[in-house]
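The values are calculated or read from the model by the stated rules, or taken from the named source; none is laboratory data. From a predicted model like this one, the values you see are computed outputs, not experimental measurements. Note: ideal-geometry Cβ built from the backbone for every residue, glycine included; neighbour counts use all protein chains shown. Heads up: the accessible areas ignore ligands, DNA and RNA and are worked out on the full protein's heavy atoms, side chains in. Shrake-Rupley method; radii C 1.70, N 1.55, O 1.52, S 1.80 Å.
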Amino acid sequence: MVVKLDVSGVGMTSQRTRNRLTDRLREQGIVNEAVLQVMASTPRHLFVDEALAHRAYEDTALPIGNSQTISQPYIVARMTELLLQDVPPTSVLEVGTGSGYQTAILAQLVDQVFTVERISALLDRALGRFRQLGLHQIKSKYDDGHLGWTEKGPFDAIIVTASPREVPVALLAQLQEGGRLIIPVGDPEAQTLTMVKRGVDGFETTSVEPVRFVPLLGGKL
Ligand code: SAH
């Protein structure tokens, strides 16, 4: 399923700039062509403040206000690729909407995308961007994502874009059998991108690579 973005009036930067970013992602080992294509056509500059828009196609995390950051494109590509690997999911829960960039990428590759954010100011801005791009199928919730989204689960996949010290149990409970959770876990100074697969008789955990995310925090702001 491919959802076409409405980029009219978005002021896209040159295709060449965006291709440079995907060339870099390829060099770093991203191989999923669908992910690369969606990243090449999504206007990341819309997801950062205007003052930082000129840096939007660099492979770097950038501040989005409220002490939060938009994830580095490489990490977005890597997590999305892991999520789609083997059996592509139909329903995905994202914890940590932030700018909404990862959500927008997912929404072009997966039928049902649910996203939860604990900072209302960030969520409001992200929702404005989804509307502007015509991504009307994204369902969002203002809440503490430690709890997942019980009413909408279980999910084929869950992606967490902030880091807890340990995997929240509520998220494991909302994984479909055969489903996977992609999450950065560990000490704030030494986090590991981790994939947890739910099998018939339990969970299988794989460490992917070291990463650095903002912390997964409790409560709402
Ligand atoms: N995917 C986002 C990443 C934003 S940074 C992007 O690319 O823009 C991580 C986000 O997780 C922040 O917006 C932060 O507020 C949010 N977050 C942290 N703890 C959370 C929690 N318990 N529930 C929901 N969101 C949370």
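The residue list VAL200, VAL196 contains one member that is loosely packed, with under 14 Cβ neighbours inside 10 Å and either away from the ligand (no atom under 12 Å from the Cβ) or of a type in the set (Phe, Trp, Tyr) (or both), which is VAL200. Among residues of the range 78-94 that are within 14 Å of GLN137 (Cβ to Cβ) and at pLDDT 95 or above, those with a beta-carbon under 6 Å from a residue that is open to solvent by 20 Å² or more (accessible area, probe 1.4 Å) and outside any loop (DSSP other than H, G, I, E, B) at least six positions away or on a different chain give the pairs THR90/ASP156; SER91/GLN112; SER91/ASP156. Determine whether the range 18-35 contains at least one residue that is within 16 Å of the ligand (Cβ to nearest atom), buried (at least 20 other Cβ atoms within 10 Å of the Cβ) and of a type outside the set (A, V, I, L, M). Looking for residues that are within 16 Å of the ligand (Cβ to nearest atom), buried (at least 20 other Cβ atoms within 10 Å of the Cβ) and of a type outside the set (A, V, I, L, M), one finds none in the range 18-35, hence no. For the range 194-203, filtering for residues that are assigned to a strand (DSSP E or B) and either without any contact (Cβ under 8 Å) to a residue 12 or more places away in the chain or farther than 20 Å from GLN176 by Cα (or both) leaves 1.
The requirement of being surrounded by fewer than 20 Cβ atoms within 10 Å (Cβ to Cβ), among the hydrophobic types (A, V, I, L, M, F, W, C) and out of contact with any strand residue (DSSP E or B) (no Cβ under 7 Å at 6 or more places or on another chain) is fulfilled somewhere in the range 137-155, by at least one residue. When PHE47 is tested against (1) surrounded by fewer than 19 Cβ atoms within 10 Å (Cβ to Cβ); (2) modelled with pLDDT of 95 or more; (3) closer than 22 Å to ARG118 by Cβ, just one condition goes unmet, and that condition is (1). Tell me which residues, restricted to the range 79-107, are farther than 25 Å from PRO210 by Cα and open to solvent by less than 10 Å² (accessible area, probe 1.4 Å). Within the range 79-107, ALA107 is the sole residue that qualifies. One residue is enough: does the range 61-78 have a residue meeting the conditions assigned to a loop (DSSP other than H, G, I, E, B), more than 9 Å from the ligand (Cβ to nearest atom) and open to solvent by 50 Å² or more (accessible area, probe 1.4 Å)? No, because not a single residue in the range 61-78 is assigned to a loop (DSSP other than H, G, I, E, B), more than 9 Å from the ligand (Cβ to nearest atom) and open to solvent by 50 Å² or more (accessible area, probe 1.4 Å).
Looking across the range 36-52 at every residue that is in contact (Cβ under 8 Å) with a residue 40 or more places away in the chain and part of a helix (DSSP H, G or I), the one that is nearest to the ligand (Cβ to nearest atom) is identified as PHE47.
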